[in-house]
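Just below is one structure, and these are the notes that go with it.
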Amino acid sequence: MINFSTVSKRYESGQEALGGISFDIDAGELVFLTGHSGAGKSTLMKLIMLMERPTTGQVLVGGRNLSRIRKSQIPYHRRQVGVVFQNHQLLFDRSVFENVALPLQIAGYQSREVGRRVRAALDKVGLLEKEKHNPITLSGGEQQRVGIARAVVNKPPVLLADEPTGNLDPELSAEIMNLFAQFNAVGVTVMIASHDIDLITRLDYRVLTLHKGQIIHDGFLPKGDQHG
Ligand SMILES: Nc1ncnc2c1ncn2[C@@H]1O[C@H](COP(=O)(O)OP(=O)(O)OP(=O)(O)O)[C@@H](O)[C@H]1O
Ligand SMILES: [Mg+2]
């Protein structure tokens with residue numbers, strides 16, 4: 001579903017963020033991406049959602065070579081890839097419902113279909129009763145769940161989350177991870193960038209570890225390491 005083949009990324013500043021990495025993620029996998037600050041995690045995700053282009057190498061998503069996707073086709077590509085950020089980027093002058101509806105409206109859905117899908121997404125994240133609220137009145141964890149509902153509302157086959165639990169306490173973080181696991185359980189390919197090594201070790205998923213733009217580990221972490 002996601003294939004990197006000797007992908008490097010050098011920003012215009014000269015900074016090399018990724019140094020020729022290769023990996024494959026199958027459809028239906030859930031993978032954590034970890035590594036120090038500046039290791040290249042966000043850059044890797046930006047390549048998948050076409051916010052950045054690689055300097056060398058190629059990226060395939062769902063079998064499509066992203067280098068063949070022209071600028072005008074990027075919005076279509078982004079509908080295949082749901083994205084959740086740490087600072088969820090909600091609009092505070094709109095209701096919860098309107099925030100989640102946004103991607104569907106941009107995609108041109110009829111309003112009845114918008115309502116149906118938005119309520120289904122809010123229901124999945126447990127926020128159906130808050131649809132009329134302004135997101136500013138919600139807790140941090142609730143706001144993050146609104147961001148997740150918005151990311152999954154048009155049922156993308158791929159879901160990327162960049163530090164989705166960065167601002168949350170351990171209990172809420174676990175709840176958010178549970179949500180991702182649920183989407184994964186129904187077939188969504190999920191990639192989560194996270195510093196939270198404790199949380200990652202407790203969950204038994206594949207982990208890709210970046211270090212200075214290189215993959216230094218790809219596989220499952222030994223469970224016993226969580227207090228080391
Ligand atoms: N737009 C940019 N222009 C220039 N350099 C950049 C840009 N974005 C990132 N970098 C650099 O690329 C490297 C990788 O950055 P990236 O944001 O991918 O790291 P990260 O692993 O996500 O870090 P963090 O855990 O702090 O979010 C860093 O050295 C960073 O300074
Ligand atoms: Mg980052």
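The values are calculated or read from the model by the stated rules, or taken from the named source; none is laboratory data. Everything numeric here is computed off the predicted structure, so don't read it as measured data. Neighbour counts run over all protein chains shown; Cβ positions are idealised from the backbone, glycine included. Please note that ligands, DNA and RNA were not included when accessible areas were found on the heavy atoms of the full protein model with its side chains. Shrake-Rupley method; radii C 1.70, N 1.55, O 1.52, S 1.80 Å.
A few notes on this one:
- Evaluated against (1) within 13 Å of ligand 2 (Cβ to nearest atom); (2) more than 19 Å from Asp218 (Cα to Cα); (3) part of a strand (DSSP E or B), Met51 falls short on exactly one condition, (3).
- A residue that is within 9 Å of ligand 1 (Cβ to nearest atom), outside any strand (DSSP E or B) and either out of contact with any Leu (no Cβ under 8 Å at 6 or more places or on another chain) or among the small types (Gly, Ala, Ser) (or both) occurs somewhere in segment 41-48.
- Ala101 being in a helix (DSSP H, G or I) and at pLDDT 95 or above: yes
- Index of the failed condition, Thr6 passing every other in (1) β-branched (Val, Ile, Thr); (2) on the phi < 0 side of the Ramachandran plot; (3) more than 16 Å from ligand 1 (Cβ to nearest atom): (2)
- For segment 122-228, the helices (runs of 4 or more DSSP H) that sit wholly inside it and include 3 or more residues that are polar (S, T, N, Q) are 170-185.
- Any hit, segment 137-145, residues being more than 21 Å from the chain's Cα centre (by Cα), of a type outside the set (Gly, Ala, Ser) and surrounded by 15 or more Cβ atoms within 10 Å (Cβ to Cβ): yes
- Scan of segment 1-48 for residues that are away from ligand 2 (no atom under 12 Å from the Cβ) and hydroxyl-bearing (Ser, Thr, Tyr), ordered by number: Ser5, Thr6, Ser8, Tyr11, Ser13, Ser22
- Check on Leu18, under 27 Å from Glu142 (Cα atoms), modelled with pLDDT of 95 or more and not in a loop (DSSP other than H, G, I, E, B): no
- Checklist (1) hydrophobic (A, V, I, L, M, F, W, C); (2) modelled with pLDDT under 95; (3) within 16 Å of ligand 1 (Cβ to nearest atom); (4) assigned to a loop (DSSP other than H, G, I, E, B) applied to Leu90, failing item: (3)
- Check on Gly57, open to solvent by 10 Å² or more (accessible area, probe 1.4 Å) and part of a strand (DSSP E or B): yes
- Restricting segment 190-226 to residues that are open to solvent by 30 Å² or more (accessible area, probe 1.4 Å) and in contact with a helix residue (DSSP H, G or I) (Cβ under 7 Å, 6 or more places away or on another chain), the residue that is nearest to Asp162 (Cα to Cα) is Asp196.
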